[in-house]
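S.K.: Starting off with a structure, shown below.
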Amino acid sequence: MNFTASKQPESCLLGPESDSQRTLYPYVTGTSVVALKYKDGILMAADMGGSYGSTLRYKSVERMKPIGKHSLLGASGEISDFQEILKYLDELILYDNMWDDGNSLGPKEVHNYLTRVMYNRRNKFNPLWNSLVLGGVKKGEKYLGTVSMIGVNFEDNHVATGFGNHLARPILRQEWHENLSFEDGVKILEKCMRVLLYRDRSAVNKLQIAKITEEGVTISQPYSLKTYWEFSAFENPTQGAVGSW
Amino acid sequence: MFRNQYDTDVTTWSPAGRLFQVEYAMEAVKQGSAAIGLRSKTHVVLACVNKANSELSSHQKKIFKVDDHIGVAIAGLTADGRVLSRYMRNECINYSFTYESPLPVGRLVVQLADKAQVCTQRSWKRPYGVGLLVAGLDESGAHLYYNCPSGNYFEYQAFAIGSRSQAAKTYLERRFESFRDTTRDDLVKDALMAIRETLQGETLKSSVCTVTVVGVGEPFHVLDQGTVQQMIDAFEIVAEQEGPAAEPDADAGQEASAEPEPEQGAAAGEGVAPMDI
């Protein structure tokens, strides 16, 4: 960062004056979101942690929210930017409802709207520092997509953000299949979240699982996963380690 | 029409509570050549009479494709119509880009109506001198709307605008109850018969009219002259046998629909390759 007192025009994006106007790095962040399509709709899981750097500071952050009648949005990354996105979407859904004409924005439309927002912000060098997961069901059609902070977007049968991409997706690729039952879907998601809990240092053991079907959105009460720390490899971990002195 | 001291600009009310400039704009619509629209649950047909200035010139384009799922037919000042079509195309394309989804026709029509209303409340503007029949698809099925220069809009099962549209409206009023559940081809046939009413004696040929269709699974497109002429021939033959078309319209419709069905299928089949993936 440039600390000299040089006078640069406000329009220049790379100066200290305008730096205070745009996102440079995130402060309070959420970690992975994992989601998959199942028989009746979409299942999504996210823990309730808000990290402040390396501190696990906030432990009751709801990182999944329903959007309109047909969609569910989960976010990782900067929590304040997620709240800003929720405000944008609130306005979008409000205007959609005000038409009162039998047409409504489905998950595909919301996903594409978010893609436009994220990409446009990226182009202005002022991104919303989030990776979003958008799932929903409309007229029997299931939809699951993701958008990153630079505007990369795609749809798939299962998606994840952040560490979830590296730890959860391989599990999903192995175990996901069409027409999973609700119980099987939850089992797979819990398996993914458990691995993330063991291996992602910004994960907290308090999670919610959300489901969206044609009937609507249900977000579970927070709960914890059972963990096992008595693996023999964890006892006396340094025994047999080769030291340098 | 009457000339009086309250009709100079659009922002002057008459003592009777009328805006004469807006009413004069609606007169302009009545002077344009006829355009008709009718809809079933799944399809909407727009048809218009091609009026050319002289034998030497081509006819004006009166039906515009706005998007794959919306088309518009105009009557009145065609220049105004072109400008509004461009606006509609713009709105559709912007919505598609943002939401990857087609703009519901009901919303486009309201935006169009609001745009027209602005011109009835600014002293430096004039109302658009064109009536629009907007045909399109929504989440709730097929729709047909009429947009007025006044900024009003109405939804219709069937409607006709422009000169001699009353004859077409009379025909449509007789038949409209059957439109909701009718087949696509019968809907086109009804459109052609309504067009024939506005011609009042002139022979109905495919060169004299333009017919367009939009429906569920069928993007908006203009029917080619050959197909249109075939349909005309089919019911004209029957009509000639019966005499002047008045009562026998219903019979002609039924007999004609039995005959050209296989022809339509063949004509469509030759142009289209089967999807084998």
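The values are calculated or read from the model by the stated rules, or taken from the named source; none is laboratory data. Predicted model only: the values in this text are computed from it and were never measured. Here the Cβ is made from the backbone with ideal geometry for all residues, glycine too, and neighbour counts use every protein chain on show. What goes into the accessible areas is simple: the full protein's heavy atoms, side chains included, and nothing from ligands, DNA or RNA. Shrake-Rupley method; radii C 1.70, N 1.55, O 1.52, S 1.80 Å.
S.K.: Apply the Karplus parameterisation 6.51 cos²θ - 1.76 cosθ + 1.60, with θ equal to phi minus 60°, to every residue of segment B:109-124 and state each ³J(HN,Hα) to the nearest whole Hz, in sequence, with x for glycine and proline.
M.R.: With coefficients 6.51, -1.76 and 1.60, one gets 5, 5, 4, 4, 5, 5, 5, 5, 5, 3, 6, 9, 9, 10, 6, 9 Hz.
S.K.: If you take each beta carbon of peptide A:106-113 and count the beta carbons of other chains within 10 angstrom, what is the mean?
M.R.: Average neighbour count from other chains, rounded to a whole number: 3.
S.K.: Same structure again: Enumerate the residues in segment B:6-50 having an amide nitrogen under 17 Å from the point lying 7 Å beyond the Cα of B:Q225 toward its Cβ.
M.R.: From segment B:6-50, the list is B:48-50.
S.K.: Follow-up question, since we're still on this one. Using DSSP to call loops (not H, G, I, E or B), can you name the trypsin sites (Lys or Arg not before Pro) in segment A:39-68 whose Cβ has at most 12 other Cβ atoms within 10 angstrom?
M.R.: Details: sites: A:K39, A:R57, A:K59, A:R63; in loops: A:K39, A:K59, A:R63.
Passing sites in segment A:39-68 do not exist.
S.K.: Filter A:K39/A:K59; A:K142/B:K115; A:K108/B:K62; B:K41/B:K169; A:K142/A:K226; A:K37/A:K87 down to the pairs with a C-alpha to C-alpha distance above 28 Å, please.
M.R.: Checking Cα-Cα distances, A:K39/A:K59; A:K142/B:K115; A:K108/B:K62; A:K142/A:K226 exceed 28 Å.
S.K.: In addition: Sequence-distant or interchain residues sharing an amide H contact under 5 Å with A:I209, placed H: which?
M.R.: Those qualifying (amide H under 5 Å, at least 5 residues apart or on another chain) are A:S220.
S.K.: Another question, if that's okay. State in Å² the accessible area per residue of segment B:28-241; use a 1.4 Å probe, count heavy atoms of protein chains only, and round to the nearest integer.
M.R.: In whole numbers, segment B:28-241 has 43 Å² accessible per residue.
S.K.: For the peptides B:159-172, A:209-222, what is the packing order when you average, over each peptide's residues, the other Cβ atoms within 10 Å and list the highest mean first? Let's see the in-between values first.
M.R.: Values: B:159-172: 21.1, A:209-222: 16.9.
Descending packing order for the listed peptides: B:159-172, A:209-222.
S.K.: Based on the mean of other beta carbon atoms within 10 Å per residue, what is the order of B:7-16, A:116-125, most packed first? Please report the intermediate quantities before stating the final value.
M.R.: Values: B:7-16: 12.4, A:116-125: 15.7.
Taking the mean over residues of other Cβ atoms within 10 Å, the ranking is A:116-125, B:7-16.
S.K.: Still on this structure: For segment B:55-131, which GluC sites (Glu not before Pro) are in a loop by DSSP, counting at most 16 other Cβ atoms within 10 Å? Don't skip to the end; give the middle numbers.
M.R.: Details: sites: B:E55, B:E91, B:E100; in loops: B:E55, B:E100.
Hits after loop and neighbour filter: B:E55, B:E100.
S.K.: For A:R122 and A:Y95, compute 0.36 nm times the residue count separating them, minus their Cα-Cα distance, and round to one decimal in nm.
M.R.: 7.2 nm
S.K.: Sticking with this structure for a sec: So what is the relative contact order for segment B:117-192, in percent, with contacts set as C-alpha pairs under 8 Å and at least six apart?
M.R.: Working: 73 pairs, mean separation 14.0, N = 76.
Rounded, it is 18 percent for segment B:117-192.
S.K.: Just the number, please: carbon plus sulfur as a percent of the accessible area of chain A, 1.4 Å probe, no ligands or DNA/RNA counted.
M.R.: Numbers: 7060 of 13410 Å².
Carbon and sulfur together cover 53 percent of it.
S.K.: Roughly how much accessible area, to the nearest 100 Å², goes out of reach of solvent when A and B pair up, both sides summed, probe 1.4 Å?
M.R.: Chain pair A/B: roughly 1300 Å² of buried accessible area.
S.K.: Report the trypsin sites (Lys or Arg not before Pro) located in segment B:1-78 that are in a DSSP loop and have at most 15 other Cβ atoms inside 10 Å of their Cβ, or state none.
M.R.: B:R3, B:R18, B:K41, B:K51, B:K61
S.K.: Quick one: which residues, 5+ away or cross-chain, put their amide H under 5 Å from the amide H of A:M64? H built at 1.01 Å from N.
M.R.: Here nothing satisfies the definition.
S.K.: Shielding by partners for B:95-101, please: the mean number of other protein chain Cβ atoms within 10 Å of each residue's Cβ.
M.R.: Numbers: counts 1, 1, 2, 6, 11, 7, 7.
Partner-chain Cβ atoms within 10 Å, mean over residues of B:95-101: 5.
S.K.: Moving on. How high is the relative contact order of segment A:26-222, in percent, counting Cα pairs under 8 Å that sit 6 or more residues apart?
M.R.: Relative contact order here is 31 percent.
S.K.: Ok, one more. May I ask you to find the residues of segment A:83-104 that are shielded by at least 40 Å² of accessible area once the whole protein assembly is considered instead of their isolated chain (probe 1.4 Å)?
M.R.: Relative to the lone chain, where solvent access is computed with a 1.4 Å probe, segment A:83-104 loses at least 40 Å² at A:W99, A:N103.
S.K.: Using a 1.4 Å probe over the heavy atoms of the protein chains, calculate the carbon and sulfur portion of the accessible area of segment B:61-131 as a whole percent.
M.R.: Result for segment B:61-131: 50 percent of the exposed heavy-atom area is carbon or sulfur.
S.K.: I'd like the carbon and sulfur percentage of the solvent accessible area for segment B:166-215, probe radius 1.4 Å, heavy atoms only, ligands and nucleic acids excluded.
M.R.: Within segment B:166-215, the accessible surface is 46 percent carbon and sulfur.
S.K.: For segment A:143-213 and segment A:42-77, what is the separation of their C-alpha centers, rounded to whole Å?
M.R.: 13 Å
S.K.: Using only alpha carbon pairs under 8 Å that are at least six residues apart, calculate the relative contact order of segment B:28-241 and give it in whole percent.
M.R.: Working: 447 pairs, mean separation 62.1, N = 214.
Across segment B:28-241, relative contact order equals 29 percent.
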